[in-house]
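Worksheet: the structure to be examined is printed underneath.
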Amino acid sequence: ESRALRAEISGVGGTDFRSVFDWVAKEQLNPDLLVYFTDAEGQFPEREPTYPVAWLVKGKARTPFGIRIQLN
């Protein structure tokens, strides 16, 4: 018997991006690059980190720092 696995992914907005940046700081890491896949709808850190950040964005929202790469 074959069964199909159904999954629904929903979202759009409301991400708290600060938790990842807080974790990096807490662990005293200094990454060569942090890559975030996102719709860029959410709460960003108040200050830009000292390491580079690339935002791969699906949607039209802006990012306050880093390199923004549009995903189509």
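The values are calculated or read from the model by the stated rules, or taken from the named source; none is laboratory data. Every value quoted in this text rests on a predicted model; they were computed, and no experiment measured them. When we count neighbours, we look across all protein chains shown, and the Cβ atoms used for this are built from the backbone with ideal geometry, even at glycine. To get the accessible areas, we keep the full protein, side chains included, count just its heavy atoms, and leave off ligands, DNA and RNA. Shrake-Rupley method; radii C 1.70, N 1.55, O 1.52, S 1.80 Å.
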- prompt: Could you give the accessible area per residue of the range 26-72, probe 1.4 Å, as a whole number in Å²?
  reply: 76 Å²
statement: Output row, site Ala25, 7 Å Cα→C-beta label point, backbone N cut-off 12 Å, window the range 44-72, residues 45-50
